[in-house]
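**Q** Before we start, here is the structure in question, set down as structure tokens.
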Amino acid sequence: MANNYFSIGKLASAHGLQGDLVLRHSLGKRSSLKGVTVIFLEERKNSFIPYFVQQVTVKDTESVYIKLEGIDTKEAAHKLMPAQVFLQEEDFKQQTASSAPLALLGFAVEDQQYGPLGTIDEVIEMPMQVLVKVLIKGKEALLPVNEQSLVKIDKKKQTVFLNLPDGLIELYTE
């Protein structure tokens, strides 16, 4: 996994005839992506293509209208969809609300019983909880972060402390 690229959402639809796109993001706050000059789309696995940002307009708390350099028609916009949108790490850190689940990407996960489990590779937001993807002994584990399981988040140490239900870790380690 390319560690320096973080997904912030996806291109959801084309807007208008000039190649504008709607980017749905999970930054956890209204954002005009201020300061972001380039976004990346993953063409093939781990092959990131830069697109230069010409203009961004806030649509609502979860989406923006975005104009990319060289994408000037509705057809060109459609060719890009649906695509995950990635930012480089520095931009990502500046854009994400610190309270957004997405801000946990790259944090370590520690369980009260099992100790350190691994690093968060992906954050999946569900209606009632957040799932974080961690590689445990080479296996992908989806761990719930919710009122029951979350002990605390230590931002200084970039660690999420969980108290996971009995038997959950065994599913991935046996």
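**Q** Lysines near LYS34 by alpha-carbon distance under 24 Å, same-chain residues fewer than 8 away left out - which ones?
**A** LYS10, LYS59, LYS67, LYS93, LYS155
**Q** Sticking with this one: With n ≥ 4 as the cut-off for DSSP H runs, can you work out [θ] at 222 nm for the chain, using -39500 (n - 2.57) per run divided by the number of residues, rounded to the nearest 500? The partial results should precede the final answer.
**A** Values: 3 runs with 19 residues, N = 174.
The helix contribution divided over the chain gives -2500 deg cm²/dmol.
**Q** When every alpha-carbon pair in the chain is counted, what percent end up more than 22 Å apart?
**A** Values: 7189 of 15051 pairs.
Taking all Cα-Cα pairs of the chain, the fraction more than 22 Å apart is 48 percent.
**Q** Under a point-charge model restricted to the Cβ atoms of Lys and Arg (+1) and Asp and Glu (-1), what is the dipole moment magnitude of the range 15-142 relative to its Cα centre, in debye to the nearest 20?
**A** It works out to roughly 140 debye.
**Q** Of all the accessible heavy-atom surface of the chain, with the other protein chains kept in place and a 1.4 Å probe, what percent is carbon and sulfur?
**A** Details: 4920 of 9930 Å².
Accessible surface attributable to carbon and sulfur in the chain totals 49 percent.
**Q** Still on this structure, I have one more. What's the ranking of 93-103, 133-143 by average number of surrounding C-beta atoms within 10 Å, highest first?
**A** On the way: 93-103: 16.9, 133-143: 15.1.
Descending mean neighbour count gives 93-103, 133-143.
**Q** At 1.4 Å probe radius, can you tell me the per residue accessible area of the range 56-172 in Å²?
**A** Working: 6620 Å² over 117 residues.
Counting only protein heavy atoms, the per-residue value for the range 56-172 is 57 Å².
**Q** Let me ask you something else. Picking from SER32, GLY19, PRO50, whose Cα lies most toward the positive end of the charge dipole for the range 4-65 (charges on Cβ: Lys, Arg +1; Asp, Glu -1)?
**A** Sorting the options by dipole projection puts first SER32.
**Q** Give me the net charge for the shell around ILE71: Cβ to Cβ below 9 angstrom, other residues only, Lys and Arg +1, Asp and Glu -1. It would help to have the intermediate numbers written out before the result.
**A** Working: positive: LYS67, LYS79; negative: ASP20, GLU69, ASP72.
Net of charged neighbours comes to -1.
**Q** Please report the net charge: other residues with Cβ closer than 14 Å to the Cβ of PRO165, K and R +1, D and E -1.
**A** Numbers: positive: none; negative: ASP111, GLU147, ASP166, GLU170.
In short, -4.
**Q** Take every Cα pair under 8 Å in the chain that's 6+ residues apart, average their separations, divide by the length, and report that relative contact order as a whole percent. Intermediate results must be reported in sequence, preceding the final value.
**A** Numbers: 367 pairs, mean separation 33.4, N = 174.
Answer for the chain is 19 percent.
The values are calculated or read from the model by the stated rules, or taken from the named source; none is laboratory data. What you see is a predicted model; the values in this text were computed from it and never measured. Ideal geometry is used to build each Cβ from the backbone, glycine not excepted, and the neighbour counts take in all protein chains shown. The protein model used for the area step is the full one, side chains on, heavy atoms only, and it has no ligands, DNA or RNA in it. Shrake-Rupley method; radii C 1.70, N 1.55, O 1.52, S 1.80 Å.
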